[in-house]
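Enquirer: Dumping the structure here so I can ask a few things about it.
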């Protein structure tokens with residue numbers, strides 16, 4: 001296990017990690033809080049404290065996952081998955097890289113937009129969600145190649161959202177190479193599973209503020 005991977009898993013185990021504080025001034029559509037761009041994967045995942053609103057946010061996210069995501073392109077019988085994450089407060093959408101890119105490719109395939117478009121909904125209201133694009137690969141090739149591949153791929157996805165007219169103020173991209181495999185890289189099937197895009201739909205401050213008032217409207 002690499003030093004980077006050990007560090008990542010240690011951070012995930014110490015779940016009480018507190019991310020650096022950022023001013024909570026209201027952000028206008030299209031305006032980006034650049035301090036957030038410096039957050040690591042773990043810091044961003046834990047960047048908003050849901051405080052005592054966890055139960056309501058869990059119920060809202062559960063309904064959103066079932067009624068919006070699983071009834072669309074990410075259906076239970078398809079290749080993409082939707083699951084609850086981080087105490088069921090975060091929705092995690094996983095899309096196989098093969099649906100988005102050709103082997104070793106860095107340009108989105110025709111039809112890739114079908115799998116990316118449903119996420120545009122979660123970018124409409126600034127800081128209702130913090131949407132994380134996390135690209136992974138298997139252990140094929142050098143570490144430099146793997147890091148470069150995931151970086152170029154996640155950049156292509158981020159640019160697609162920009163070009164589609166989405167507000168990317170709270171869209172964040174991470175290239176993790178092969179640091180977080182789902183399966184041991186010991187078979188073709190396992191390596192295929194490890195090559196994936198994960199999209200984390202993290203509650204933002206606007207959702208928490210609504211939850212404090214007892215109702216989430218989106």
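Enquirer: Length gain on complete extension for the stretch residue 114 to residue 98, per 0.36 nm per residue less the alpha carbon to alpha carbon distance?
Expert: Computed gain between residue 114 and residue 98 is 4.4 nm.
Enquirer: Please check: in the Gaussian network model of the chain (C-alpha springs, under 10 Å), which one of 108, 197, 45 has the largest mean-square fluctuation.
Expert: The residue that fluctuates most here is 108.
Enquirer: Now a separate question. Quick one: which of 56-64, 140-148 comes out on top by average Cβ neighbours within 10 Å, and what's the full order, highest first?
Expert: Ranking the peptides 56-64, 140-148 by packing returns 56-64, 140-148.
Enquirer: Would you mind putting 151-163, 65-77 in packing order, based on average other-beta-carbon counts within 10 Å, highest first?
Expert: 151-163, 65-77
Enquirer: Does segment 40-212 come out rounded, prolate or oblate by the C-alpha gyration tensor, with a ≥ b ≥ c the root eigenvalues, rounded set by a/c under 1.5 and, if not, prolate when a/b is larger than b/c and oblate if not?
Expert: Working: a/c = 1.67, a/b = 1.61, b/c = 1.04.
It is prolate, given that a/c is not under 1.5 and a/b is the larger ratio.
Enquirer: Right, something else. Express in whole angstrom the spacing between the alpha-carbon centres of segment 58-73 and segment 140-218.
Expert: 18 Å
Enquirer: Then there is this: Relative contact order of the chain, please, whole-number percent, based on alpha carbon pairs below 8 angstrom and at least 6 residues apart.
Expert: Across the chain, relative contact order equals 25 percent.
Enquirer: Still on this model: Take each of the peptides 189-196, 82-89, average the number of other beta-carbon atoms within 10 Å over its residues, and list them starting from the highest. Please list the in-between numbers first.
Expert: Working: 189-196: 17.6, 82-89: 15.6.
So the peptides 189-196, 82-89, ranked by packing, come out 189-196, 82-89.
Enquirer: If you don't mind, another one. Based on DSSP H runs of at least 4 residues, each adding -39500 (n - 2.57), what is the mean residue ellipticity at 222 nm of the chain after dividing by all its residues, to the nearest 500 deg cm²/dmol?
Expert: About -9000 deg cm²/dmol.
The numbers here are math on the coordinates, done by the rules we state, and not lab data. Keep in mind that this is a model prediction, so the values were computed, not measured. Glycine also receives a Cβ, built like all others from the backbone with ideal geometry; neighbour counts cover every protein chain displayed.
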